[in-house]
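Undergrad: First, the structure itself, so that you have it in front of you.
Read the figures in this text as sums done on the coordinates, not as results from a lab. For clarity, every value in this text was computed on a predicted model and none was experimentally measured. Glycine also receives a Cβ, built like all others from the backbone with ideal geometry; neighbour counts cover every protein chain displayed.
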Amino acid sequence: MKSYPKVLVTGAPEIGKTALVQNIVERIKGVSATGFTTVERQDKKGRSVMVFVNLDGREVEFAISGKVKGKKGKRVGKYTVDVDTFEEAALEAIAFHPEFNLYIIDELGPMEALSRMFCETAKMLLKSDKVAVLATVAKGGHGFIREIKRLPGIEMIELSGTGNEKIEDDLLIKFMTALVKHEAQ
């Protein structure tokens with residue numbers, strides 16, 4: 001029995017990784033999926049805020065640009081990351097449950113790598129022969145990011161800004177074919 005696909009989508013910031021994953025989630029049918037996407041928004045003070053969006057629609061703010069008075073957090077670039085808040089939401093979203101066969105993880109990057117538990121859970125899913133994984137990953141990086149890119153069975157796709165629609169269609173076919181085939185067995 002062939003294992004499920006494990007695809008990491010990479011590319012420069014703002015190239016369309018999250019949009020591609022969101023489109024696939026909207027288009028894929030008959031699949032039990034879980035996971036999350038991450039979006040950047042502006043708060044009332046005009047600061048950038050990173051928001052974790054669970055596939056069921058729940059949202060959690062976990063990082064904000066600049067220093068936040070009275071809030072604990074670790075710095076990643078311009079952001080102060082509340083690792084505990086991220087970890088609580090993310091681990092719930094990607095915890096292994098037998099009823100899910102597709103895991104969406106947007107993104108595997110420096111902010112997310114601050115959580116050792118998240119990293120270990122993501123690696124477990126990427127190594128599992130029981131689930132499919134579609135994730136976005138930082139283009140650069142070291143440690144955890146470099147390690148997951150080198151895992152056996154991982155397919156890397158780099159977006160260039162053109163042809164994303166074809167890549168999206170190809171990935172949709174790849175995941176639907178694998179998941180339907182597994183469901184029939």
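Undergrad: A 28 angstrom limit on the alpha carbon distance is what I want to check against. Which of LYS74/LYS166; LYS74/LYS130; LYS130/LYS174; LYS6/LYS78; LYS44/LYS123; LYS6/LYS67 exceed it?
TA: LYS74/LYS166; LYS74/LYS130; LYS6/LYS78; LYS44/LYS123; LYS6/LYS67
Undergrad: For GLU40 and THR177, compute 0.36 nm times the residue count separating them, minus their Cα-Cα distance, and round to one decimal in nm.
TA: Going from the current span to full extension adds 46.1 nm.
Undergrad: Expressed as an acute angle from 0 to 90° and rounded to the nearest 10, what is the orientation of the C-alpha long axis of helix 83-94 relative to the principal long axis of the chain?
TA: 20
Undergrad: Assuming R0 = 25 Å, what is the FRET efficiency of GLU59 and ASP169, from their Cβ-Cβ distance, to the nearest 0.05?
TA: The calculated FRET efficiency here is 0.30.
Undergrad: Now for a separate question. Which FRET efficiency, nearest 0.05, do THR85 and MET156 yield, Cβ-Cβ r, R0 25 Å?
TA: My answer for the efficiency is 0.25.
Undergrad: Could you pull out the GluC sites (Glu not before Pro) across segment 77-150 that fall in loop regions by DSSP (anything but H, G, I, E, B) with no more than 16 other Cβ atoms inside 10 Å?
TA: GLU99
Undergrad: Could you give P(r) for segment 10-63, binned at 5 Å from zero, as whole percent values over all Cα-Cα pairs?
TA: 4, 17, 22, 24, 18, 9, 3, 1, 0
Undergrad: Now a separate question. Using 20 Å as the cut-off for backbone N distance, which residues of segment 55-96 belong to the label zone defined by a point 7 Å from the Cα of GLU26 along Cα→Cβ?
TA: 55-60
Undergrad: In whole angstrom, how far apart do the alpha carbon centroids of segment 120-156 and segment 82-117 sit?
TA: 12
Undergrad: Angle between the Cα long axis of helix 17-27 and the longest principal axis of the chain, 0 to 90 degrees, nearest 10?
TA: 50
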